[in-house]
Amino acid sequence: MGYFVTGATGFIGGFFVEQLLARKGHIYILVRQSSREKLDALKARLPAAAAERVIAVCGDITAPNMGLSANDLAVLRGNVSQFFHFAAIYDMAADEASQAAANINGTVNAVQAAQSMQADCFHHVSSIAVSGLFRGTFREDMFEEAENLDHAYFRTKHESEKVVRQHCKIPFRIYRPSAVLGHSRTGEIDKIDGPYYSFKVIQKIRDTLPRWMPLVGVESGLNNVVPVDFVVRAIDHIAHVEGEDGGCFHITDPDHYSTGQMMNIFAEAAHAPKFTLRFDPKVFNFMPSALKDLLAKLPPVKRLKNAVFERFGLPESATILMKYETRYDSRRTQALLADSDISVPKLSSYAPQVWDYWERNLDPDLFIDRTLEGQVANRLVLITGASAGIGRATALRLAKAGARVILTARTLEKLEEVKAEIEAAGGQAYCYTVDIADMEACDKLVADIEKELGKVDILINNAGRSIRRSVDMAYDRFHDFERTMQLNYFGALRMILRVLPGMTAQKRGHIINISSLGVLNHPPRFSAYVASKSALEAFSICAASEFSDKNIHFTNINMPLVRTEMIAPTKIYQYAPALEVGEAVDLVVEAVINKPKRVATGMGKFLSVMGALFPKFVEIANNATYRMFPDSGAAKGGATGKELPEATSEQVAMAALMKGVHF
């Protein structure tokens, strides 16, 4: 007995060839010239003796007689007993022309070739998609009853099965698998489709929220999924049962899952929070369909929907999966499998393997260049306050990764030292002196840079001023607030406004603000400093919405206490745990690579949540630390050198507990 298989270099077809090798006879497989590498990969998985029984036949499913030569057909005639047709496009996002060529015309050509070979039986691997969006139970003996075949995928799968039913002149059998998942033991699959579209959503939720947190989700549609190993074993078994020619078999799971149920099964596999409360979108059915269609066409709604799809890597065509309400009766198939050891495993039993394989091999983020070099190589990066501290260390790190770094500060000598260090390591750097508090100087700086070097790709607003002084000591020091706001807010804002036109013109850009952890927990004595940083953050959040569709990103880094010259005047900080400069640069690197809205340490996130949930408690706790830590000598107007550096054991313990918090 000989076999012929189309689509053998595909996912399901490849596993089916491995399954067939347990039987006797040669296996001829149709291979396009461009798929030779896939054939080699398939054979590499097989034992040497088995691989020799796999014989490639060059052809193309879209050509008459599948492009087989007269000589090939002569050799195959009488040597092929069973013809298995797997080749098709299983992709709801594919264009209609491609689907028609492969699914409909391909089936016509496969039937023609099978008849030319004088095969005993033509086995057509169809899909449950032939039912369209049928409401109710779709039986194995149903076909013409299909409904709502407007989508190209549904329509071409239905038409290809019709080709077999109406034009195949040799005995045939039809198999309709449901959505095929990875192998139940290994999770292996070759692409993202169907239920896999929800995985990115689950992953992002898992990485953001604690597992115990209950979520609100969607409870819509019915999903039927099966692992690939069940599909190939079932088809192989039924194909060799006598007396079943002309039959149609649902290779499906007797159990159907709502979207909410299936999401929870994979959330459990991912160790993510579950959707405890789930609502059915049918609650909106009271709205007239014309009104819903009108709302869906509004530009803001379309943009929001597209943004959500892009955020989670969903094709728009995936929304049709939410409309499935079909149940697939498979009693005939189950009866034929009853005398074998073939059965559908419970989804919950193999969901962990499916999830693990996806996350290790198919997660789209794995294919994004997450290296610093990939993000900044040959990009023009402008850093303010680059002569010392965080700015200097950031410049060195980015230049090492291939960025063209623009160093700005007030002192040329210090800038030139940084430039020399960068160039000695093989990097590129340029020096510009500027006082960011001077608005006209900011304008001239950006104008000169764009004239001499080009448009700025990344702006890092690092230059800043910090004042630690109680409000009751600042009644007559209004200039403290003015000068802090002038540099930390107006200066940084002026730089942003000057680089944005260039970023808009080149359709890319990234604004990174070195903000403060204080914006998240509002510590006492830092009213001037926190107010200025809060203003910059508020502007950036507003602006981000305006530039969201222009590929321009805004990131605020809530930097904790860092051991730099800025904190040196406050002697109590000698005893406080603070980030080293290199650790602070790691936060900047995270911002550059991932472009999040906010970068914060664990302590910063904790304090932000506490402030939102228990604002009065946080106020009382801040007041306690305010009384525990005194104002510095500089804040009192005295000489800093006369300040006693000793700290009490209570102060040291509190500082150690609240690492990075300003006191």
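The values are calculated or read from the model by the stated rules, or taken from the named source; none is laboratory data. Please read these numbers as outputs of a predicted model, since none were measured by experiment. Don't worry about glycine lacking a Cβ; one is built from the backbone with ideal geometry, like all the others, and counts go over all protein chains shown.
List the number of the failed condition for Lys455; all other conditions in (1) in a loop (DSSP other than H, G, I, E, B); (2) modelled with pLDDT under 95; (3) within 26 Å of Arg404 (Cα to Cα) hold.
(2)
Checking Ala543 against (1) of a type in the set (Gly, Ala, Ser); (2) more than 25 Å from Tyr430 (Cβ to Cβ); (3) under 33 Å from the mean Cα position of the chain (by Cα); (4) buried (at least 20 other Cβ atoms within 10 Å of the Cβ): exactly one of these is not met. Which one?
(4)
Asp476 versus (1) surrounded by fewer than 18 Cβ atoms within 10 Å (Cβ to Cβ); (2) acidic (Asp, Glu); (3) assigned to a helix (DSSP H, G or I): which is the lone unmet condition?
(3)
Six or more apart or on different chains, Cβ atoms under 6 Å: show the pairs whose first residue is in region 254-271 and among the small types (Gly, Ala, Ser) and whose second is in a loop (DSSP other than H, G, I, E, B).
From residues that are among the small types (Gly, Ala, Ser), the pairs are Ser258/Glu219; Gly260/Glu219; Ala267/Lys274.
Name the residue, out of Glu450, Glu440, that is in the same structural domain as Gly389 (by TED's automatic domain parsing), closer than 28 Å to Ile552 by Cβ and without any contact (Cβ under 8 Å) to a residue 12 or more places away in the chain. Even if it seems obvious, please write down each step before you answer.
Values: Glu450 fails: without any contact (Cβ under 8 Å) to a residue 12 or more places away in the chain.
Just a single option satisfies the conditions, and that option is Glu440.
Would you mind telling me which numbered condition in (1) within 26 Å of Leu336 (Cβ to Cβ); (2) over 37 Å from the mean Cα position of the chain (by Cα) Val108 fails?
Going through the list (1) within 26 Å of Leu336 (Cβ to Cβ); (2) over 37 Å from the mean Cα position of the chain (by Cα), Val108 breaks only (1).
Can you give me the ranges of the strands (runs of 3 or more DSSP E) entirely in region 23-108 with at least 3 residues that are surrounded by fewer than 21 Cβ atoms within 10 Å (Cβ to Cβ) and among the aliphatic types (A, V, I, L, M)? Before the answer, list the steps.
Numbers: elements: 27-31, 54-58, 82-85.
Per the criteria, 54-58.
Yes/no matrix, rows are residues, columns are (1) within 32 Å of the chain's Cα centre (by Cα); (2) outside any strand (DSSP E or B); (3) within 30 Å of Leu181 (Cβ to Cβ):
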{"position": "Val354", "(1), (2), (3)": "yes, yes, yes"}
{"position": "Arg360", "(1), (2), (3)": "yes, yes, yes"}
{"position": "Gly374", "(1), (2), (3)": "yes, yes, no"}
{"position": "Ile383", "(1), (2), (3)": "yes, no, no"}
{"position": "Ala386", "(1), (2), (3)": "no, yes, no"}
{"position": "Ala395", "(1), (2), (3)": "yes, yes, no"}
{"position": "Leu415", "(1), (2), (3)": "no, yes, no"}
{"position": "Val418", "(1), (2), (3)": "no, yes, no"}
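Test Tyr350 against the criterion of being more than 30 Å from Leu561 (Cβ to Cβ), at pLDDT below 95 and among the aromatic types (Phe, Trp, Tyr), and give yes or no. Before the answer, list the steps.
Numbers: more than 30 Å from Leu561 (Cβ to Cβ): yes; at pLDDT below 95: no; among the aromatic types (Phe, Trp, Tyr): yes.
No: the conditions fail for Tyr350.
Quick one: in region 549-564, which of the residues that are polar (S, T, N, Q) and surrounded by fewer than 22 Cβ atoms within 10 Å (Cβ to Cβ) is modelled with the lowest pLDDT?
Going through region 549-564, the residues polar (S, T, N, Q) turn out to be 551, 555-556, 558, 564.
Cutting the leftovers down to surrounded by fewer than 22 Cβ atoms within 10 Å (Cβ to Cβ) gives us 551, 564.
On the way: Asn551: 91, Thr564: 63.
Only one residue fits best here, namely Thr564.
With Asp236, Asp229, Asp245 as the choices, which residue is closer than 28 Å to Ile202 by Cα and either surrounded by 23 or more Cβ atoms within 10 Å (Cβ to Cβ) or touching a residue at least 40 places away in the same chain (Cβ under 8 Å) (or both)?
On the way: Asp236 fails: closer than 28 Å to Ile202 by Cα; Asp245 fails: closer than 28 Å to Ile202 by Cα.
Of the residues listed, the single one that is closer than 28 Å to Ile202 by Cα and either surrounded by 23 or more Cβ atoms within 10 Å (Cβ to Cβ) or touching a residue at least 40 places away in the same chain (Cβ under 8 Å) (or both) is Asp229.
When only residues in region 179-218 that are touching a Leu at 6+ places or on another chain (Cβ under 6 Å) and within 30 Å of Ser126 (Cα to Cα) count, which is surrounded by the most Cβ atoms within 10 Å (Cβ to Cβ)?
As a first pass, look at region 179-218 and keep what is touching a Leu at 6+ places or on another chain (Cβ under 6 Å): 192, 197, 216.
Within this subset, residues satisfying the condition of being within 30 Å of Ser126 (Cα to Cα) are 192, 197.
Details: Ile192: 17, Tyr197: 19.
This residue is Tyr197.
I'd like the full set of residues that are touching a strand residue (DSSP E or B) at 6+ places or on another chain (Cβ under 7 Å), surrounded by fewer than 16 Cβ atoms within 10 Å (Cβ to Cβ) and free of Cβ contacts under 8 Å to residues at least 60 places away in the same chain, limited to region 115-164.
Matches in region 115-164: Asp120, Glu147, Asn148.
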